[in-house]
1. Taking square-rooted eigenvalues a ≥ b ≥ c of the alpha carbon gyration tensor, is the stretch A:8-78 rounded, prolate or oblate, where a/c under 1.5 means rounded and, failing that, a/b exceeding b/c means prolate?
2. On full extension of the chain, what length is gained from residue B:395 through residue B:139, given 0.36 nm per residue of separation minus the C-alpha to C-alpha distance?
3. In peptide A:96-104, what is the residue-averaged number of other protein chain Cβ atoms found within 10 Å of each Cβ?
4. Evaluate E = 1/(1 + (r/R0)^6) for residue A:276 and residue A:110, where r is the Cβ-Cβ distance and R0 equals 60 Å; express this FRET efficiency to the nearest 0.05.
5. Rounded to the nearest 10 degrees, what's the angle between the helix A:421-432 long axis and the longest principal axis of chain A, both from Cα atoms, 0 to 90?
6. Nearest 10 degrees, 0 to 90: what angle lies between the long axis of helix A:286-298 and the longest principal axis of chain A (Cα atoms)?
7. Quick one: label points 7 angstrom along Cα→Cβ at residue A:373, distances to the other copies in nm, smallest first?
8. Applying a 10 Å radius around every beta-carbon, put A:100-108, B:348-356 in order of their mean neighbour count, most first.
């Protein structure tokens, strides 16, 4: 239903501008240079303009465009929006994204009601106003009005983000771009005069390119909304994981939420309970949300909670166990018969009970032996592998052994820490091949916990 | 007392080797090429060797060296260690670092006792065996036997690390080097046949270049040791902050600790109580330890717990408040008279109660106005400043306004998130000028908490 909004073939930019740095300029620049569909600049001030080495025709009104237009992106001053939206309605667009601010968030609820009325009259689905809109990494449909050198654009990939905050969404995109994290879609809904997070959730649920949906939320406006969100999420969570972070927990935070999005922050406990009922995996920070999402997008669901821990550092192995146990996961001992066999294959001082310590003198092959001997057995459901690549015997080949272990069909998370080129190359090889890497044991443990948790949710719903 | 061990003028490398990649080779390479003192290779197999473009004289024994030697670094096979240590004693060294393994950790407690007896007889202080020894970023005295391309060497700076795990210490060094974090000293004590973490704590307490001591510990061997550690730490904590991370909390983790360092892991609660009594700030991960240490090394102690939060993203401001409140810090409202004045100076939609939201349309000057109007007042003890640099109006100049705010003598932590060049340049400018930067609000909040906590500890002890 919202597929045209997220995945249009043709777009009119109303309020497109030739004035460098303006909102209408940045949106036009991004679309003209990278969007795979058709772009029609609309602004009565221009007939045409020479931009980015080409001559662009400008339209006086969206009604002048001959071709069909799927989406109108509106970046004109607030008071003009009802009129241009009406024109878009007469043109027959499916959806509009209103970037402009100056509506309910600025005390102009009347103007927003008017926009809503126009949208209903013409059957236009409206995202916004007061939003940064949509980013679609597949078609480069992109209404984020921040230049790419300020806010990077992430590569296509299995994650989608629904964000109540535009600035937080832009910062997440920038961060994901740097880390080459596949964030295929971002949607920011601003004042949600029409389209809500609930419908966006449904839209991403129905898009096969999306494997995991992440949600940044500050609060709902009223309880009915929260209830409908819960009902929708329960249906979606059976199909694919939803990970959410609720900002605004304490009292000062709730005061800020009211001021920021006029949302009913509710008690944090209410949201916590709601997420639980809805089968949503709750994150305690934005970073943790993506740590978990990365694993959920690439790893299978484990059968149980028993984790094999392998490390070349006793200390890091212990940290991993700390983190896993505190999350309710188990680190069972290795059965004695296998431990004896391992003892023969590894170095004399290696620890062969779980956590396995291959020691700082280990080679790539020692990891391979442990993984191949233990991970396929019925004693372990998943693996947390710590590879401090600072020790002398390890090479980038180790990444191939770990990638090869995907054949056992059990989740794997790797902890890798440091800054050398070897460390970076090793990490890239793993992540490019669907093995999530984390800089600390607690983050990897939380990612494995999310996989276990999602398995529980699937069984329950 | 241990100053010669950490800061020697002259070093003999016993077991120095011309065989590329060997432990004795890497240690010699690091010392010959970077150490600011004198280096004497000792190995009866060589008369001299052409290494790194120069001719190096090798000594048959440490006794052949004419000049005074402060420290003997020993990397010969375990069974030979008592003999070479005895020679070092006869030569009159103050201290020895025994890198070699194959002692108590491998079941050879007898051999370790023998080493201890020799050390006592000659009054040599011994670090190790089974350790990576010392890294001193000021003189480049460096016995870490991992090449610099695997394990980076951090720049000089106010932090010192005492680590029970060598591999964890090497990974921390590599990570700190990448982030240009000033880790001036690292000491890893291995089996602690003689020198303990307690004496290292005293040594760093007495070294004026060290502002904050970080401790990675898995466990003590017996209760008396824990008690002495507590007594020493109480004395040190009055002078400078100690931040510690205890690895090994749950039962499987404790099993692993026993196997890794033969330490008495104790219940985690015991350590928690011990740290509290000792005035040690406890971290829940290695990363958090350095997040807190970075702030403790650069920021003043706050007078109270009231935090001013400024953000260009309502969402991030809310996350910051969440994190601060959950740690027991306060985010008080701005007094009405000041709020009114602020309202006139900021953008119409800015939120002027704490957290202050300068909005995504803010300029550098808006931050300056807020900081200069509020931070010097008696209403706030410290500031958490969120700068999402993705928004269009901010420039690198903002870093200068924040650095300038140091004149108010109150702690500041900045949250900055993303990946663009602007983000990185901005961060470097701040960190190079003593303002700690964190990628997420919860990490910055924890750092401010550590400052508050240290103030409490100082008042209590």
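1. Rounded is the answer for the stretch A:8-78, as its axis ratio a/c remains below 1.5.
2. Here the answer is 88.3 nm.
3. 1
4. 0.95
5. That helix lies at roughly 70 degrees to the long axis.
6. In chain A, helix A:286-298 runs at an angle near 70 degrees to the longest axis.
7. Result, one decimal in nm: 6.8.
8. B:348-356, A:100-108
No lab work stands behind these numbers, since they all come straight from the coordinates. Being a predicted model, the structure only gives us computed values, none of them experimental. Here Cβ is always computed from backbone atoms with ideal geometry, including for glycine, and neighbour counts include all displayed protein chains.
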